[in-house]
1. Hey, any hits in the range 392-404 for a residue that's surrounded by 17 or more Cβ atoms within 10 Å (Cβ to Cβ) and at pLDDT 95 or above?
2. Name the helices (runs of 4 or more DSSP H) wholly within the range 209-298 that hold at least 2 residues that are of a type in the set (D, E, K, R)?
3. Can you pull out the residues in the range 319-346 that are closer than 17 Å to residue 229 by Cα, assigned to a helix (DSSP H, G or I) and not hydrophobic (A, V, I, L, M, F, W, C)?
4. For the range 369-394, enumerate the residues that are assigned to a loop (DSSP other than H, G, I, E, B) and under 22 Å from residue 236 (Cα atoms).
5. Is there any pair linking a residue in the range 220-247 that is over 21 Å from residue 330 (Cα atoms) to one that is assigned to a strand (DSSP E or B), with Cβ under 7 Å and at least six apart or on different chains, and which?
6. Name the one entry in 276, 312, 306 that is out of contact with any Phe, Trp or Tyr (no Cβ under 8 Å at 6 or more places or on another chain) and either among the basic types (Lys, Arg) or under 19 Å from residue 211 (Cα atoms) (or both).
7. Given the conditions (1) touching a Cys at 6+ places or on another chain (Cβ under 9 Å); (2) farther than 16 Å from residue 142 by Cα; (3) not charged (D, E, K, R), which single one is not true for residue 364?
8. For a quick check of your reading of the model, give me the residue pairs whose first member lies in the range 279-294 and is surrounded by 19 or more Cβ atoms within 10 Å (Cβ to Cβ), whose second is among the hydroxyl-bearing types (Ser, Thr, Tyr) and in a loop (DSSP other than H, G, I, E, B), with beta-carbon atoms closer than 9 Å and at least 6 apart or on different chains.
Amino acid sequence: MARASLGSAPPTLNPFSHRRGLHQASGLAVSSAAMNAGTMPDHQTRTHPSLEIIGGSFLPALKTLTRPYNPFPIIGWNRHLETIFAAFFRSVPDVRLRRECLRMKDNGSVALDWVAGDNRRLPPDSPLLILLPGLTGGSDDSYVRHMLIRARSKGWRVVVFNSRGCGDSPVTTPQFYSASFLGDTCEVVAHVSARYPKANLYAVGWSLGANILVRYLGQESHACPLSGAVSLCNPFNLVIADEDFHKGFNNIYDKALASSLCKIFKKHALLFEDMSGDYNIPLAANAKTVREFDDGLTRVSFGFKSVDDYYSNSSSSDSIKDVCMPLLCIQAANDPIAPNRGIPRQDIKDNPNCLLIVTPKGGHLGWVAGAEAPLGAPWTDPVVMDFLEHLEKGSNKALGSSGNLEGVQERAEAVHHLEV
C-alpha cells in the first residue's frame, strides 16, 4: 500500500481567530456556554442528516455540509474496497518539489518538501500549510498531493513534513519516529515559523500524522504558533485501534504496514547493529504486524515498558481537552483502522475550539465521494480548504481591525541544516 499509509451568533470572544497564540474578538463564534449546554444555533440543523456533526461555531463557512454524503457507486459502499482503491488507484498529481533536510537537536533528520518556485512566486505573508502524512507515508502519497495542489491553487504555501525514514527522508541516528514523540514536530513548526514570520501557519495530519498533530496541539496549548489545524482519519485511541487491527480483513492492512516499516528499517539496519538493552532487533526486522515492530523497537526507543504502555500513553484522545485553537476533525464511521468507537466525542463536544464531522462511509484515507470521485481528490479536501480559508479570513480581519499584534512568542532556536 505504497500510496496511502495506511444565522450567526452574538459577538463574543472567538476561539477561531487564534493567531500566534493570541485570541482576537469577532462575531463569528458561538459561545462556549451554549456549546456545553448542547444548544446550537439554527444553522446546525441545516447540515445534512447523513453527517454526524459535533460542535460547529464555524459551520456556516462549510457549505458542502448541506449536501448529502454520497459514496461513489460500488467502490464507496465497502470500506475495504474503498480503502484499497484509494491507496492504489487514486490519481497522484504531478508537482515539482524542493527538498530541505533538517538536523534535529538529537542529530536525527527529517525532510521538508516545498513546492519548487513558491519561495519566489508567493509573498512572505502567504498562509502556510504543513502536511503530516500517515504511518510510513510521505510527499508521494496521493492524498497528500491532492491536498497540496488544492491549497496551492488558493495561493497558499505548502510544505510536506516527511518523518524520519519516510518519503526517503534520511535516517542518521538509531531512532525512528513514533506516536509518542513530539520533538520533531515542535522543531519543524518552529523552523517553518521562523522562516516565514509574517505568515499564519496551519497544519493538516492524516492517520498517525493526525494523532501526532493533535497531541502536539494539546501539549503546546496556548504557546502553539499554529492558527488552526485539521485531523483526518485519526485513530485517537491507539489501544482500541490496536484491538481492531487484528480482526478479520484488517490483518491485511497490519501486514502491509508492518512490511513498510521493515523495509525502512532494513535500509538503515547498520545503525541499529550494536543496540543493547530490551531491543529485539530480529523481531523488528522481520515483524509481521505493526505491534511486533513496536515491541521490538519503537516502545524501547521511547522508554515504554510494553507495547500497551506505549499505545495507552500515546493516544491523542487524551489531548482534545487541552486544544486551544480551531481544530477540525473528520472521521469515517466505517474506518477499519481508526475505529468509530475510539472517537472522543464528549471531549470534542466539551471543547468549543473543536468541530467533529463523521461521514457514514469513507474507509481509511478513502472518502471516494464528491465531484472528483473516483480518481480525483477525496471528499474531505473541499471541506478542509473551506475551513482553513475561513480561519485565514477571520484572522486577517481581526489583525486588520486591531493593528499589529504584540506579544508573539519567541521563536525556538534555529534548526541546523543537514546537507545531502
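1. Scanning the range 392-404 turns up at least one residue that is surrounded by 17 or more Cβ atoms within 10 Å (Cβ to Cβ) and at pLDDT 95 or above.
2. It comes to 238-245, 250-267, 290-293.
3. 321, 322
4. At the first step, the residues of the range 369-394 found to be assigned to a loop (DSSP other than H, G, I, E, B) are 370-379.
The answer is 378, 379.
5. Cβ pairs passing all conditions: 225/201.
6. 312
7. Status for residue 364: all satisfied but (2).
8. Between residues of the range 279-294 that are surrounded by 19 or more Cβ atoms within 10 Å (Cβ to Cβ) and residues that are among the hydroxyl-bearing types (Ser, Thr, Tyr) and in a loop (DSSP other than H, G, I, E, B), the close pairs are 294/178.
The values are calculated or read from the model by the stated rules, or taken from the named source; none is laboratory data. Small disclaimer: the values here were computed from a predicted structure and weren't measured. Here Cβ is always computed from backbone atoms with ideal geometry, including for glycine, and neighbour counts include all displayed protein chains.
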